[in-house]
Ligand code: G3H
Ligand code: ZN
């Protein structure tokens, strides 16, 4: 059934584990993530980024409605989340398109401007019952910028600043820059675990990890035990899908029916999603 992101995160926090939030781009992503979550019996978040909306000719509703319909029929709890929203126009579409939560991304702005924009977005969201996540620090690799930028120490989230940011903006969760970076196609990133500990000690809202595809299993597990409650994963699904389709088409150069290769891509994404959810859940425990 359709669930609320805030409720899934509260449940995960109580279990000392984390909710996986997968970026969906096509209907195959939607079906694969739900199949993967069902195979391990875990709740999951489907998230649509502003970039994915741009890919869908700027239209949110078609994919959002497909995701909501799939979520309603799932045997596990599935939440719909709008990810990396920079445009106020898109933010305003969230409640009417079935989203219970949004990530408002003004992290590119200087601190005072990020805070002012995020506070306005949080006030607007809360007046409509939306759960809102924001970002402080620079998780690099957005929009094709070099993926390793966030590994620079200066890009990371400062704990004292984060505490003030959360208190002054009123957000429900905070995405933190602790060494991961978006769009990595190798799982070679390393987190600053000391910084994560300090952030978790300073903040009483759930912490969100972005750019999680670049982390190996042990780093993902350590992030969960360190206090990360929502793990955003996008590139890992694309990697699984594209690799599987590329292999299939190489082996079947005469294939024409799109169902043949899309089903191979969908199965590969479902398996990848299930494995990653299992890693996060295995890290949980008292
Ligand atoms: O918000 C989306 C995530 O941070 C995904 O990052 O594609 O590097 O896994 P990723
Ligand atoms: Zn992200």
Prolate/oblate/rounded label for region 1-124 (Cα gyration tensor, a/c 1.5): oblate
How high is the relative contact order of region 1-95, in percent, counting Cα pairs under 8 Å that sit 6 or more residues apart? 38 percent
In the chain, what % of DSSP beta bridges are antiparallel (nearest 5)? 0 percent
Which of 247, 135, 267 ends up with the largest GNM mean-square fluctuation for the chain, with Cα atoms connected below 10 Å? 247
Normalised alpha carbon radius of gyration of region 2-282 [divisor 2.2 N^0.38 Å]: 0.95
Could you work out how far helix 61-73 tilts from the main Cα principal axis of the chain, as a 0 to 90 degree angle to the nearest 10? 80 degrees
Show me the three semi-axes of the equivalent ellipsoid for region 86-243, from the C-alpha gyration tensor (sqrt of 5 times each eigenvalue), largest first, rounded to whole Å. 24, 19, 14
Among 188-196, 270-278, the order from most to least packed when residues are scored by Cβ within 10 Å on average: 270-278, 188-196
For the chain, built as a Gaussian network whose Cα springs stay under 10 Å, the top-fluctuating residue of 87, 49, 180: 87
Expected 222 nm ellipticity per residue - DSSP helices of 4 or more, -39500 (n - 2.57), all of the chain, to 500: -15000 deg cm²/dmol
Roughly how far apart, in whole Å, are the Cα centres of region 219-286 and region 5-48? 13 Å
Per the Cα gyration tensor, region 153-199 corresponds to an equivalent ellipsoid with semi-axes, largest first in Å, of 23, 12, 8
Normalising by the residue count of region 135-286, find the relative contact order in percent from Cα pairs under 8 Å and 6+ residues apart. 19 percent
What percentage of all Cα-Cα pairs in region 196-272 are separated by more than 13 Å? 71 percent
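Every number in this text was worked out from the coordinates using simple rules, so none of it is lab data. It should be emphasised that the depicted structure is a prediction, and the values quoted were computed from it without experimental measurement. So basically every Cβ, Gly included, is an ideal-geometry build from the backbone, and we count neighbours across all protein chains shown.
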